[in-house]
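Student: First the structure, which I've put down as structure tokens, then a few questions once you've had a look.
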Amino acid sequence: MTEGRAVSPFDPLIDAYLGYLASQRRASAHTLTSYRRELLKLVALADGASPDAITTAQIRRFAARLHGGGLSPRSVARALSAWRGFFRWRVRHHGAADNPAEGVRPPRAPRTLPKNLSPDAMVGLLNAPPADPLEVRDHAMFELLYSAGLRLAELLSLDVDRGVDVAAGEVTVTGKRGKTRIVPVGRAALAALDAWLAVRADIAPAHEKALFVTRQGTRPSQAAVRSRLDRWGKVHGDGTHVHPHMLRHSFASHVLQSSGDLRAVQEMLGHASIRSTQVYTHLDFQHLAKVYDAAHPRARKRGKD
């Protein structure tokens, strides 16, 4: 496919490689189109050079040029993956000496901070009174997600007779890698659970073990809970799109702001590494920086004399 450009030494090899992917690897039409697009970027950057002349140093420069031209780190990584596969195929099937794209890494993507709600926004969201039995259930789920910092899968795995100890005010869940942890539950969440348990018997069949059930008496899907929380947020929130993980992020941020105890937050979230929890120190710092800018006399901009 050379329309609009000069013929390149890459062209017959790209066609052969895509044919190999289609026949031997059963690649889809979408995958083939994507690979061709990424390989044509390499053709343009190579500027007439043959595949045998491409070096690892050039591949690094090509990746840097893509990034400098506005491509995101993820897009650069996708291009490098396609190039790496092409050169690997040449080594294995055409006797090429080496793979110049092997080991070349894309630029590091900036770490995005998780979105969270402010304490006031969270109070407004969770203080809204439920209007029917299913909203009583929703309210209990959302309170528990926020109060204990649970993952959605952990919440939905709870059974009515196992996991939540109302008397002790705690919940036991099994998270990633089969790690079990016990997390305290606040009074508001316990009250919401009591309200749900009072109406659950009218919805759930006697044999159903799930703590939270649908109108049909079965355990809800993750997609259903996301949809219900999104709807709840639109009705009772401030217009922000609310999703279950946002409640977990808000829990972590608010506990850290109040306590400053990173290790405790790590334990409650069930993070295997403290590095996963440290992202919340950035959220905490942002909060403190705003307070500082608003309150500290040396942070205020001087007015005009």
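Coordinate-derived values only; no laboratory data. Keep in mind that what you see is a predicted model, and the values were worked out from it rather than measured. Glycine gets a Cβ as well: all are built from the backbone with ideal geometry, and neighbour counts include every protein chain shown.
Student: Quick one: 3J(HN,Hα) in Hz for region 58-72, Karplus 6.51/-1.76/1.60 with θ = phi - 60°, rounded, Gly and Pro as x.
Tutor: Once rounded to whole Hz, the list reads 5, 4, 4, 5, 4, 4, 5, 5, 4, 5, x, x, x, 6, 6.
Student: Taking θ as phi - 60°, what are the ³J(HN,Hα) couplings along region 157-173 by the Karplus curve (6.51, -1.76, 1.60), each to the nearest whole Hz, with x for Gly and Pro?
Tutor: With the stated coefficients, region 157-173 comes to 7, 5, 10, 5, 10, 8, x, 9, 10, 5, 4, 7, x, 8, 10, 10, 10 Hz.
Student: Calculate, for ALA167 and ALA109, the FRET efficiency according to 1/(1 + (r/R0)^6) with r their C-beta to C-beta distance and R0 30 Å; round to the nearest 0.05.
Tutor: After rounding to 0.05, the efficiency reads 0.05.
Student: What distance in nm separates the two pseudo spin-label positions at ALA64 and THR218, each 7 Å out from Cα along the beta-carbon direction?
Tutor: Label at ALA64, label at THR218, 5.6 nm between them.
Student: Report the FRET efficiency, 1/(1 + (r/R0)^6), for SER23 and THR55, where r is their Cβ-Cβ distance and R0 is 35 Å, rounded to 0.05.
Tutor: 0.70
Student: Sticking with this structure for a sec: If you take the C-alpha gyration tensor of region 11-94, multiply each eigenvalue by 5 and take the square root, what semi-axes do you get, largest first, in whole Å?
Tutor: So the three semi-axes of region 11-94 are 21, 16, 10 Å.
Student: Take the Cα atoms of region 171-262, build their convex hull, and give its volume per residue in Å³.
Tutor: Value for region 171-262: 149 Å³ per residue.
Student: Could you tell me the calculated FRET efficiency between HIS245 and ALA77, based on Cβ-Cβ distance and R0 = 25 angstrom, to the nearest 0.05?
Tutor: For R0 = 25 Å, the calculated efficiency reads 0.60.
Student: About its Cα centre, how strong a charge dipole does region 11-94 have in debye, to the nearest 20, once Lys and Arg get +1 and Asp and Glu get -1 at the Cβ?
Tutor: Here region 11-94 has a charge dipole of around 380 debye.
Student: Using only the Cα atoms of region 45-148, what are the Rg and Dmax in Å?
Tutor: According to the Cα coordinates of region 45-148, Rg and Dmax are 25.2, 70 Å.
Student: Counting other Cβ atoms within 10 Å, keep those with at most 15, restrict to DSSP loop, and tell me which GluC sites (Glu not before Pro) in region 89-155 are left.
Tutor: GLU102
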